[in-house]
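The values are calculated or read from the model by the stated rules, or taken from the named source; none is laboratory data. Bear in mind that the values here come from a model prediction, so they are computed numbers and not experimental data. Every residue, glycine among them, receives a Cβ derived from its backbone with ideal geometry; neighbour counts consider all protein chains shown. Note: areas computed on protein heavy atoms with side chains; ligands, DNA, RNA excluded. Shrake-Rupley method; radii C 1.70, N 1.55, O 1.52, S 1.80 Å.
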Amino acid sequence: IKEELILFFIATGILLFISATGIYFCENKAQPEFFASIFHSFWWAIVTLTTVGYGDVVPITAGGKIFTFFVLIVGVGVVTVPAGLVASAVSKARIIEQDERESDRNSD
(Lines give C-alpha, C1' and ligand atoms only; values in the text may rest on other atoms or scores of the structure.)
Protein backbone atom coordinates (compact mmCIF):
# COMPACT_ATOMS: atom_id res chain seq x y z
CA ILE A 1 0.00 0.00 0.00
CA LYS A 2 2.96 2.31 0.58
CA GLU A 3 3.87 2.41 -3.12
CA GLU A 4 0.26 3.01 -4.12
CA LEU A 5 -0.06 5.95 -1.73
CA ILE A 6 3.19 7.48 -2.95
CA LEU A 7 1.99 7.16 -6.54
CA PHE A 8 -1.38 8.63 -5.55
CA PHE A 9 0.21 11.70 -3.93
CA ILE A 10 2.49 12.27 -6.92
CA ALA A 11 -0.50 12.05 -9.27
CA THR A 12 -2.49 14.38 -7.02
CA GLY A 13 0.34 16.91 -7.06
CA ILE A 14 0.41 16.81 -10.85
CA LEU A 15 -3.37 17.23 -10.98
CA LEU A 16 -3.15 20.20 -8.62
CA PHE A 17 -0.58 21.88 -10.84
CA ILE A 18 -2.58 21.21 -14.01
CA SER A 19 -5.77 22.48 -12.35
CA ALA A 20 -4.12 25.65 -11.02
CA THR A 21 -2.57 26.35 -14.40
CA GLY A 22 -5.80 25.70 -16.30
CA ILE A 23 -7.97 27.89 -14.10
CA TYR A 24 -5.34 30.64 -14.17
CA PHE A 25 -5.49 30.78 -17.96
CA CYS A 26 -9.31 30.64 -17.94
CA GLU A 27 -9.97 33.22 -15.21
CA ASN A 28 -6.94 35.52 -14.89
CA LYS A 29 -8.27 38.27 -17.17
CA ALA A 30 -11.76 38.18 -15.64
CA GLN A 31 -10.66 37.94 -11.97
CA PRO A 32 -7.04 39.09 -11.61
CA GLU A 33 -7.47 39.65 -7.87
CA PHE A 34 -8.20 35.94 -7.22
CA PHE A 35 -6.17 34.36 -10.01
CA ALA A 36 -3.17 36.69 -10.04
CA SER A 37 -0.70 33.87 -10.70
CA ILE A 38 -0.59 30.10 -10.97
CA PHE A 39 0.60 30.03 -7.37
CA HIS A 40 -2.45 32.05 -6.27
CA SER A 41 -4.66 29.64 -8.25
CA PHE A 42 -3.49 26.69 -6.14
CA TRP A 43 -6.03 27.58 -3.42
CA TRP A 44 -8.88 27.17 -5.89
CA ALA A 45 -7.32 23.93 -7.21
CA ILE A 46 -6.96 22.40 -3.74
CA VAL A 47 -10.48 23.36 -2.66
CA THR A 48 -11.99 22.12 -5.92
CA LEU A 49 -10.04 18.86 -6.24
CA THR A 50 -10.84 17.87 -2.68
CA THR A 51 -14.51 18.70 -3.39
CA VAL A 52 -14.69 21.04 -0.36
CA GLY A 53 -15.94 23.94 -2.47
CA TYR A 54 -15.86 26.84 -0.02
CA GLY A 55 -17.25 29.16 -2.66
CA ASP A 56 -14.91 32.01 -1.83
CA VAL A 57 -13.28 31.82 -5.28
CA VAL A 58 -15.45 30.67 -8.16
CA PRO A 59 -15.08 30.87 -11.94
CA ILE A 60 -17.24 33.41 -13.76
CA THR A 61 -16.25 32.80 -17.38
CA ALA A 62 -17.78 30.04 -19.50
CA GLY A 63 -14.35 28.47 -20.04
CA GLY A 64 -13.65 28.55 -16.32
CA LYS A 65 -16.97 26.91 -15.51
CA ILE A 66 -16.44 24.15 -18.08
CA PHE A 67 -12.90 23.57 -16.81
CA THR A 68 -14.23 23.45 -13.24
CA PHE A 69 -16.73 20.77 -14.22
CA PHE A 70 -13.92 18.48 -15.37
CA VAL A 71 -11.79 19.25 -12.32
CA LEU A 72 -14.73 18.37 -10.06
CA ILE A 73 -15.20 15.03 -11.82
CA VAL A 74 -11.51 14.26 -11.34
CA GLY A 75 -11.82 15.47 -7.73
CA VAL A 76 -14.31 12.73 -6.96
CA GLY A 77 -11.59 10.23 -7.88
CA VAL A 78 -9.06 12.06 -5.71
CA VAL A 79 -11.33 11.53 -2.73
CA THR A 80 -12.33 7.93 -3.48
CA VAL A 81 -9.01 6.40 -4.53
CA PRO A 82 -7.39 6.56 -1.06
CA ALA A 83 -10.52 5.07 0.48
CA GLY A 84 -10.31 2.15 -1.95
CA LEU A 85 -6.61 1.65 -1.26
CA VAL A 86 -7.16 1.55 2.49
CA ALA A 87 -10.15 -0.79 2.16
CA SER A 88 -8.14 -3.11 -0.06
CA ALA A 89 -5.24 -3.17 2.41
CA VAL A 90 -7.55 -3.91 5.33
CA SER A 91 -9.20 -6.71 3.36
CA LYS A 92 -5.82 -8.27 2.50
CA ALA A 93 -4.69 -8.01 6.12
CA ARG A 94 -7.86 -9.72 7.27
CA ILE A 95 -7.38 -12.60 4.80
CA ILE A 96 -3.75 -13.05 5.91
CA GLU A 97 -4.84 -13.05 9.54
CA GLN A 98 -7.54 -15.66 8.88
CA ASP A 99 -5.07 -17.85 6.97
CA GLU A 100 -2.62 -17.67 9.88
CA ARG A 101 -5.33 -18.63 12.37
CA GLU A 102 -6.36 -21.60 10.23
CA SER A 103 -2.76 -22.78 9.85
CA ASP A 104 -2.28 -22.49 13.63
CA ARG A 105 -5.40 -24.60 14.23
CA ASN A 106 -4.31 -27.23 11.72
CA SER A 107 -0.82 -27.50 13.23
CA ASP A 108 -2.21 -28.19 16.72
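For Lys65, the solvent-accessible surface computed with a 1.4 Å probe is close to 120 Å², ligands and nucleic acids excluded.
Does the stretch 1-56 come out rounded, prolate or oblate by the C-alpha gyration tensor, with a ≥ b ≥ c the root eigenvalues, rounded set by a/c under 1.5 and, if not, prolate when a/b is larger than b/c and oblate if not? Note, shape of the stretch 1-56 comes out prolate. Taking only the alpha carbons of the chain, we obtain Rg and Dmax values of 20.6, 75 Å in that order. In order along the stretch 48-60, the phi-based Karplus estimate (6.51 cos²θ - 1.76 cosθ + 1.60, θ = phi - 60°) of 3J(HN,Hα) comes to 6, 5, 7, 6, 6, x, 4, x, 6, 10, 10, x, 10 Hz; Gly and Pro are listed as x. Considering only Val74, Gly22, Leu85, and ranking their Cα positions along the charge dipole of the chain that arises from unit charges at the beta-carbon of Lys, Arg, Asp and Glu, the one farthest toward the positive end is Gly22. With K and R counted +1 and D and E -1, the other residues having a Cβ less than 13 Å from that of Ala89 yield a net charge of 0.
Using the rule -39500 (n - 2.57) for each DSSP H run of four or more residues, divided by the residues of the chain, the 222 nm mean residue ellipticity is -28000 deg cm²/dmol. Excluding Ile23 itself, what net charge comes from residues whose Cβ is under 15 Å from its Cβ, given Lys and Arg +1 and Asp and Glu -1? For residues surrounding Ile23, the net value is -1.
Couplings for the stretch 12-22, taken from phi via the Karplus curve 6.51 cos²θ - 1.76 cosθ + 1.60 with θ = phi - 60°, read 5, x, 5, 4, 4, 5, 4, 5, 5, 5, x Hz in order; Gly and Pro are left as x. The Glu4 and Tyr54 beta-carbon pair, evaluated with R₀ = 22 Å, returns a calculated FRET efficiency of approximately 0.15. Heavy-atom accessible surface of Val58, to the nearest 10 Å², is about 70 Å², with a 1.4 Å probe and all protein chains retained.
If the segment from Phe39 to Asn106 were pulled out straight at 0.36 nm per residue, it would be longer than the present Cα-Cα gap by 18.1 nm. Only Lys, Arg, Asp and Glu carry charge here, each on its Cβ (+1 for the first two, -1 for the last two); on that basis the chain has a dipole of about 460 debye about its Cα centre. Computed over the chain with a Gaussian network model linking Cα atoms closer than 10 Å, the most mobile of Gly63, Gly13, Gly55 is Gly55.
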